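Here the structure is laid out as structure tokens; the discussion comes afterwards.
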Amino acid sequence: MRRIGFFLLLLLLGALIVGCSASDTDTGTEKEETGGEKPAEEVVGETEKEAGLSGEITVWAHPFTGDQETEGAMWKEVIASYEEQTGVKVNFEQIPWANRDQKVLTALAANNGPDVFYVIPDQMPQYADAGMLLALDPYLEGFDIDDFVDTALVSTTWKDELYGLPILQEAYTYLYNADVIKAIGEDPAKLPATWEEFEKWAEKAKDKGFYATSFQGGGSMNGTLYPFLWQAGGEVITADNDVLINNEAGVEAFEFINKMYKEGWIPKDSITALEHDALWESGKMLAVQGSGISVSRMLSQNLFEFVIAPPMKNKEQLTYGTTGMFVAPINTDNPAAAAEFIKVVTSSDNQKKFNTVTQYIPTRESAKDIFGEQKYLAQLADYTQFALPGVIHPEGRTIMPLIQAELQTMMEGKKTPKEAADAAAKAIEGKIGK
Amino acid sequence: MSKAVTSKKSKLPLGERVKREWNRNAIVYIFLIPVLVHFIIFQIYPFALSFYLTFMDWKVIGDPEFVGLKHWKYFLTDTLAWKAIWNTVKFSVYYIVPTMALGLLLALIINSGVKSAGFFKGIFFLPVVTSFVIIAGIWGWLFRGTEAGMINYLLSFVGIEPQLFLSDSSQALAVLAGLSIFKVAGSTMIYYFAGLQSIDRQLYEAARIDGASSFKIFWTITFPLLKPIHFFVAITTTIGSFQIFDSAYLLTGGGPNYATTTIVYYLYEQGFTSLNLSYAAVLSYVLFFIILVISLIQRKYLGQESNNY
């Protein structure tokens with residue numbers, strides 16, 4: 001038995017050694033393969049020498065459409081343009097939307113993450129403030145940054161440092177059901193532009209048995225409270241940690257939402273609802289907040305005629321619209337190549353390719369002509385000038401559940417709008433240690 | 001005889017005993033090495049590392065900074081964490097006993113000799129193998145708090161006002177528990193079915209000859225003889241209930257007003273939304289201790305005498 005045991009132990013050790021050797025061999029092969037690409041590198045040798053770039057980078061992005069074949073072809077083309085310009089090889093990996101934070105954070109923590117990845121505005125300042133992102137300014141000498149839409153650059157900048165370049169933008173605004181507009185005796189060509197006008201329409205809609213709009217209290221504050229808050233002239237928190245959510249404008253926004261709920265203009269389950277698609281699609285709703293994706297969905301379903309209103313105004317004409325950007329982590333092994341990729345992928349030509357496929361709005365003025373033939377998207381592209389990207393603050397994401405809880409408590413009737421706004425302010429101050 | 005052998009063994013020096021043990025079971029230990037290595041790397045090491053993390057401040061990239069008991073002290077005063085624990089306890093109350101009862105009921109149905117038992121077994125087990133996201137989607141559709149929700153639509157036929165379900169802080173947690181019960185009852189059924197199959201048929205025959213009613217047979221024979229299964233299912237459903245996350249994440253986002261924020265949901269929020277990885281590690285240890293204590297209590301009161309059956 002002892003001999004058998006000894007033999008098996010040897011066998012196991014042997015297997016482990018072989019395993020390690022195989023791993024070494026793999027690495028070697030990989031190196032050889034990289035070396036094998038030399039002829040290709042030589043082809044673009046001059047460009048490479050000029051830029052001083054080499055090696056490879058890993059890029060992580062999410063699926064942006066349901067049509068992965070078209071999207072894949074678009075990425076191939078965009079990446080090829082970069083590889084051709086720089087000679088740097090790109091390992092492109094698509095990661096799912098679900099649990100993306102865990103994936104990115106754990107990979108970066110293990111120093112095994114991507115060199116370039118996609119983020120949205122409420123992630124950027126949090127990551128930047130934690131020192132996780134590479135500042136891009138040193139790599140932007142001679143780069144045409146003025147072509148980018150101002151509201152898009154707001155979301156890529158934290159404390160005067162640029163940490164990302166934007167590739168897509170959205171503008172959320174109301175999509176109205178034309179049949180419901182006619183049913184309440186109004187004109188689809190004269191849509192509500194102010195809160196006051198919207199209230200009149202909402203009351204009429206309710207009288208005729210329709211909901212005025214959807215309110216997704218279980219979702220992000222970007223789609224619920226914030227647009228009203230900004231329209232009222234308010235702000236949640238400043239970069240200097242001044243909490244403004246419970247000032248006069250903030251309370252006005254809370255009151256407006258409370259009124260919509262109490263009056264029955266929005267469905268009763270709006271407290272935690274994540275969508276009201278069934279009600280909207282069955283024609284029981286006057287309007288919903290939507291962006292390019294909603295328009296594409298409406299056009300593909302062809303349920304009823306709809307019209308798009310400009311973002312509403314109370315004191316200001318503002319709305320929410322996310323900005324998608326590419327960033328590089330501070331621990332990238334190839335910062336120059338990563339920064340170059342971000343510049344190339346957000347160039348005017350590549351933005352046109354990307355946004356034509358994904359149906360988002362380009363963040364460069366020179367790329368916005370892609371929707372010339374599509375009236376709805378062209379209309380939305382025009383509204384990005386009013387689109388704020390959310391609360392640009394390191395705690396922007398973490399304060400959302402605190403505000404959401406107070407908003408929900410108010411809608412449940414357990415707090416007045418003023419009490420809810422004050423409680424939200426207190427909770428935010430607690431969070432930022434003020 | 002065995003006593004004598006044990007006594008003789010214990011007198012041997014430790015080194016000699018280890019050597020003998022090794023000689024006797026060397027092959028077993030060798031085959032266990034890969035599993036052991038895997039266990040140490042992927043279970044013990046992260047377990048220890050996360051405990052170390054509870055005393056540090058760490059922003060994912062860069063070196064952690066030692067802060068002592070800061071995060072543990074914060075936990076003691078964190079009202080949201082305690083609310084999340086309380087919500088989890090309430091969820092367990094809604095979840096554990098109904099899951100066990102439904103699992104047992106389904107097992108009794110398929111064990112009763114009903115026609116097409118295999119078909120029913122498949123139907124009852126279907127939610128277990130269906131994606132949680134899909135089931136949550138169906139649940140959301142059933143329990144929408146508007147006329148578009150199926151349950152509210154049915155209630156309207158009997159004159160009951162539409163219920164808010166997931167938007168009502170007094171109902172939301174129970175509705176989420178219902179979703180978990182629906183998802184898990186099928187696997188509980190399988191455990192109980194295995195237990196029912198192992199009960200000696202002669203006991204039932206003897207009881208019937210004595211004129212015992214079906215209820216009496218169930219209550220005096222079936223139920224007590226399933227004690228090891230009760231214990232196993234109680235432990236697994238308790239652990240499952242304390243780890244509940246998906247349903248709140250998918251259907252209520254922890255609301256309304258934190259009514260469905262469970263301990264794992266809160267841990268997730270702290271770790272991956274707020275980037276408070278150290279505090280999330282504290283919460284994970286709190287969860288570990290809660291589950292450990294409950295499991296020990298269950299073992300003490302449910303697990304004893306289980307060897308008798």
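The values are calculated or read from the model by the stated rules, or taken from the named source; none is laboratory data. Nothing here was measured: the structure is a model prediction, and the numbers come from that model. Cβ placement follows ideal geometry from the backbone for every residue including glycine, while neighbour counts extend to all protein chains displayed. Just so you know, the surface numbers come from the protein's heavy atoms only, side chains and all, with ligands and any DNA or RNA stripped out. Shrake-Rupley method; radii C 1.70, N 1.55, O 1.52, S 1.80 Å.
Table for the structure above
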| quantity | calculated |
| --- | --- |
| Every residue from the stretch A:326-344 that is of a type in the set (Val, Ile, Thr) and within 14 Å of another protein chain (Cβ to nearest Cβ) | A:327, A:330, A:332 |
| Residue in the stretch A:133-146 that is farthest from the other protein chains (Cβ to nearest Cβ), counting only those that are assigned to a loop (DSSP other than H, G, I, E, B) and at pLDDT 90 or above | A:146 |
| So residue B:154, is it away from chain A (no Cβ under 14 Å), open to solvent by 70 Å² or more (accessible area, probe 1.4 Å) and either assigned to a helix (DSSP H, G or I) or at pLDDT 90 or above (or both) | yes |
| Any helices (runs of 4 or more DSSP H) falling wholly within the stretch A:242-344 and containing at least 3 residues that are out of contact with any strand residue (DSSP E or B) (no Cβ under 7 Å at 6 or more places or on another chain) and of a type in the set (Phe, Trp, Tyr) | A:248-262 |
| Any chance residue A:229 is open to solvent by 10 Å² or more (accessible area, probe 1.4 Å) and either more than 25 Å from residue A:299 (Cβ to Cβ) or away from chain B (no Cβ under 14 Å) (or both) | no |
| Leading residue by the ranking (modelled with the lowest pLDDT) among those in the stretch B:1-37 that are open to solvent by 80 Å² or more (accessible area, probe 1.4 Å) and within 33 Å of the chain's Cα centre (by Cα) | B:29 |
| All positions within the stretch A:372-392 that are hydrophobic (A, V, I, L, M, F, W, C) and part of a helix (DSSP H, G or I) | A:377, A:378, A:380, A:381, A:386 |
| Among (1) more than 30 Å from residue B:268 (Cβ to Cβ); (2) open to solvent by less than 50 Å² (accessible area, probe 1.4 Å); (3) assigned to a helix (DSSP H, G or I); (4) not acidic (Asp, Glu), the one test that residue B:199 misses | (3) |
| Index of the failed condition, residue B:41 passing every other in (1) under 30 Å from residue A:105 (Cβ atoms); (2) surrounded by 17 or more Cβ atoms within 10 Å (Cβ to Cβ); (3) at pLDDT 85 or above | (2) |
| Residue in the stretch B:38-56 that is nearest to the chain's Cα centre (by Cα), counting only those that are of a type in the set (Val, Ile, Thr) and either assigned to a helix (DSSP H, G or I) or within 11 Å of chain A (Cβ to nearest Cβ) (or both) | B:44 |
| Lone qualifier among B:170, B:180, B:213 - being open to solvent by 60 Å² or more (accessible area, probe 1.4 Å), small (Gly, Ala, Ser) and away from every other protein chain (no Cβ under 14 Å) | B:213 |
| Candidate set: the stretch A:233-270, residues that are farther than 20 Å from residue A:427 by Cα and under 24 Å from the mean Cα position of the chain (by Cα); chosen: the one farthest from the other protein chains (Cβ to nearest Cβ) | A:233 |
| Selection from the stretch B:251-272 of residues that are under 24 Å from residue B:97 (Cα atoms), outside any loop (DSSP other than H, G, I, E, B) and at the interface with chain A (Cβ under 9 Å from one of its Cβ atoms) | B:251, B:252 |
| Close pairs from the stretch A:269-296: first farther than 19 Å from residue A:188 by Cα and among the acidic types (Asp, Glu), partner part of a loop (DSSP other than H, G, I, E, B) and open to solvent by less than 50 Å² (accessible area, probe 1.4 Å), Cβ under 7 Å, at least 6 apart | A:269/B:144; A:269/B:145; A:269/B:146; A:269/B:164 |
| Neighbours by Cβ (under 7 Å, 6+ apart or cross-chain): first from the stretch B:111-134, farther than 21 Å from residue B:246 by Cβ; second among the β-branched types (Val, Ile, Thr) | B:117/B:110; B:120/B:109; B:120/B:110; B:120/B:114; B:121/B:110 |
| Matching residues, the stretch B:16-37, being among the aliphatic types (A, V, I, L, M) and more than 9 Å from chain A (Cβ to nearest Cβ) | B:18, B:28, B:32, B:35, B:36, B:37 |
| Residue in the stretch A:345-359 that is charged (D, E, K, R), assigned to a loop (DSSP other than H, G, I, E, B) and away from every other protein chain (no Cβ under 14 Å) present | no |
| Selection status of residue B:50, touching a residue at least 40 places away in the same chain (Cβ under 8 Å) and among the polar types (S, T, N, Q) | yes |
| Residue ID - nearest to residue A:325 (Cα to Cα), chosen from residues in the stretch A:73-100 that are surrounded by fewer than 17 Cβ atoms within 10 Å (Cβ to Cβ) and among the charged types (D, E, K, R) | A:93 |
| Condition met for residue B:75 (within 19 Å of residue B:266 (Cβ to Cβ) and within 26 Å of the chain's Cα centre (by Cα)) | yes |
| Residue in the stretch A:398-406 that is part of a helix (DSSP H, G or I) and open to solvent by 40 Å² or more (accessible area, probe 1.4 Å) present | no |
| Criterion: touching a Leu at 6+ places or on another chain (Cβ under 6 Å) and of a type in the set (Phe, Trp, Tyr) - qualifying residue of A:354, A:306 | A:306 |
| Any hit, the stretch A:131-140, residues being touching a Gly at 6+ places or on another chain (Cβ under 7 Å), in contact (Cβ under 8 Å) with a residue 60 or more places away in the chain, within 21 Å of residue A:227 (Cα to Cα) and of a type outside the set (D, E, K, R) | no |
| Residues of the stretch A:271-293 classified as buried (at least 21 other Cβ atoms within 10 Å of the Cβ), more than 14 Å from chain B (Cβ to nearest Cβ) and of a type outside the set (A, V, I, L, M), total | 3 |
| Among (1) modelled with pLDDT under 95; (2) surrounded by 12 or more Cβ atoms within 10 Å (Cβ to Cβ); (3) part of a helix (DSSP H, G or I) - the single one residue B:59 does not satisfy | (3) |
| Qualifying residues in the stretch B:62-84 (those that are of a type in the set (A, V, I, L, M) and either surrounded by fewer than 18 Cβ atoms within 10 Å (Cβ to Cβ) or free of Cβ contacts under 8 Å to residues at least 60 places away in the same chain (or both)) - the one farthest from residue B:229 (Cα to Cα) | B:67 |
| Test: residue in the stretch A:214-225 that is assigned to a helix (DSSP H, G or I), more than 14 Å from chain B (Cβ to nearest Cβ), open to solvent by 10 Å² or more (accessible area, probe 1.4 Å) and not aromatic (Phe, Trp, Tyr) | no |
| Residue in the stretch B:63-71 that is touching a helix residue (DSSP H, G or I) at 6+ places or on another chain (Cβ under 9 Å) and part of a helix (DSSP H, G or I) present | yes |
